[in-house]
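A short reminder: the numbers here are calculations on the coordinates, not readings from a lab. Keep in mind the model is a prediction, meaning the values are calculated, not measured. Neighbour counts are summed over all protein chains in view; Cβ atoms, including those assigned to glycine, are modelled from backbone coordinates with ideal geometry.
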Amino acid sequence: MKVIFLDSNKLDHLRNTINHDAEFKLAARYMSEDILLEADDSRCIFKVRDGVLTEINLGPSSDDHWSFSIKATAESWEKLLQSSPSPFYTGLNAGLIRGILQITGNEEVAFAYLWAMNRMLDIMRQTS
Amino acid sequence: MRLESITGKYGYITVHGVKYRVYFEESGEGVPLLCQHTAGGDGRQWRHLMNDEEVTSKYRVVAVDLPYHGRSLPPESVEWWTEEYKLTKRFFMDFLVEFSHALGLDRPVFIGCSMGGHMALDLALECPDEFRAVIGLESAEFTPGLDIIWFNHPRISGEFRFANLFESTAPSSPEKYRREVGWVYSQSAPPVFRGDLHYYSVEHNVTDQLHQIDTSRIAVYLLCGEYDFASTPEMCQQTASKIKGAKYTEMKGLGHFPVIENYELCKTYLMPILEEISKIHG
């Protein structure tokens, strides 16, 4: 089973759900960032403009740039995206502290928008 | 208006030559139970415990806001705006003992969560005659690496703490209380949480001293939530195993903030301990 953010059949629904989520709208206000999500060797870019997820790019090229990346194994992403996550898989900071994932790039932006990113994770859990 | 049994007061105590105006709340009568909030938190975290008649019928429950926290302002005699706020073990410990003396508490039971849980160990080690028992929630001998700059950065708002501490709770805890954890955390003054982590993640390290704790003088109970990723059940259990006579309990379905995020579930673990203490050490 594909991690939801890499599954082309589910991306439109995911993007729509995220953009209609009241909490995400609050948490992502003023956010205009590109975020690279990596699961094993697969990657995609979430483009957020003024708090709206405008695009999920499944085929980023070497010319693409991003503010920060979140990298974990596909197995770890599946655990992170379970509807009721196990201990240490409850959010990005939990995963970071326990060595389950890595956040690289502009950490300042990543942590400034931790609320938005964790909310996105929650929506993925509900949509998976 | 329905009134709760909790009453709040302000008082003045002097620690290390500095006078502090501190806010504290209390409820109930009986064995004194001194409650210590988490890093960057305040005494509101104990509201469910302080409203629980099963507890307050046996215990005089007291929860203080440390200076700089909650309704306890920084001291008037210190130019705190010119100094980096850092909670030290010495101040933390001396403040609690001084506060206990000021209220005339007779060898209270100490209960603390997170940095309060760490303090339970420091008090058991260094002040065994001041307290009859300590209950450390989310307690560990040493939790390095958590004193990170983003907890106090000019370009990162309190929303980071709001999100960070929310995910420190168990997913099965009631959402309204998980959100309350985040709310309280987003309210502390910018330097306080990270300044408290100086104690929590840098200064507190009792790894080589745990064997010196004498549980015949002070009873030690350690409990840890299954979902705690900062001081994990494994770390807490290992800590307890180094203290002869200490009792350890893992709290299934709870995270780093058991008394706030799901008090009813936390109570199932806590009440037997409070009953045991009131019988044996009451």
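Translational diffusion coefficient of segment B:188-238 at 37 °C, 0.692 mPa s, Stokes-Einstein with Kirkwood Rh over Cα pairs, in µm²/s as a whole number.
So the translational diffusion coefficient is about 247 µm²/s.
Be a star and scan segment B:36-69 for residues whose amide nitrogen sits under 15 Å from the point 7 Å along the Cα-to-Cβ vector of B:A189.
B:40-42, B:65-69
Roughly how far apart, in whole Å, are the Cα centres of segment B:92-112 and segment A:44-115?
44
By residue number, which cysteines of the protein assembly as shown lack any other Cys whose Cβ falls under 4.7 Å from their Cβ?
A:C44, B:C35, B:C113, B:C127, B:C266
Please compute, over every Cα-Cα pair in chain A, the percentage with a separation greater than 19 angstrom.
43
Cut-off is 10 Å between beta-carbons; in what order do A:K79, B:K244 appear when sorted fewest neighbours first?
B:K244, A:K79
Run down the aspartates and glutamates and flag those whose C-alpha is under 20 Å from the C-alpha of A:K71, throwing out any fewer than 8 positions away in its chain.
Those aspartates and glutamates meeting the cut-off are A:D7, A:E33, A:D34, A:E38, A:D40, A:D41, A:E55, A:D63, A:E107, A:E108, A:D122, B:E167.
For the protein assembly as shown, taking Cα atoms only, what is the radius of gyration to one decimal and the Dmax to the nearest whole Å?
That works out to 22.4, 70 Å for Rg and Dmax.
Counting Lys +1, Arg +1, Asp -1, Glu -1, what net charge surrounds A:I45 among other residues with beta carbon under 14 Å of its beta carbon?
-1
Set the Förster distance to 35 Å, then compute FRET efficiency between B:R155 and A:D63 from the Cβ-Cβ distance, nearest 0.05.
0.80
Please pull out the direction-averaged projected area of segment B:132-205, using the convex hull of its alpha-carbon atoms, in nm² to one decimal place.
Computed as one quarter of the Cα hull surface, the answer is 6.2 nm².
Taking other Cβ within 10 Å of each residue's Cβ, how do B:T88, B:T143 sort, fewest first?
B:T88, B:T143
Bin width 5 Å, alpha-carbon pairs only: give the P(r) of segment B:114-170 as whole percents, running from 0 to the bin holding the largest distance.
4, 16, 17, 19, 15, 11, 10, 5, 1, 0
Taking the beta-carbon count within 10 Å as an exposure proxy, list B:W183, B:W81 from fewest neighbours to most.
By the 10 Å Cβ count, ascending: B:W81, B:W183.
Scattering from the C-alpha atoms of segment B:234-282 alone, worked out with Debye: what is log10 I(q)/I(0) at q = 0.16, 0.17, 0.32 1/Å?
Log10 I(q)/I(0), no solvent term: -0.55, -0.62, -1.08.
Counting every Cα pair in segment B:7-280, what percent are over 30 Å apart?
Value for segment B:7-280 (Cα pairs over 30 Å): 21 percent.
How are the Cα pair distances of segment B:28-80 distributed, in percent, across 10 Å bins from 0?
Answer for segment B:28-80: a P(r) of 25, 41, 24, 9, 1 percent.
Report the Cα-based extents of segment B:212-252 along its three principal axes, largest first, to the nearest Å.
31, 15, 12
Report the local net charge at A:S128: Lys and Arg +1, Asp and Glu -1, summed over other residues whose C-beta lies under 12 Å from its C-beta.
Value of the local net charge: +1.
Are any of the pairs A:K25/A:K47; B:K9/B:K279; B:K58/B:K244; B:K86/B:K247; A:K10/B:K252; A:K25/B:K176 more than 26 Å apart by Cα-Cα distance, and if so, which?
Table pairs above 26 Å Cα-Cα are B:K9/B:K279; B:K58/B:K244; B:K86/B:K247; A:K10/B:K252.
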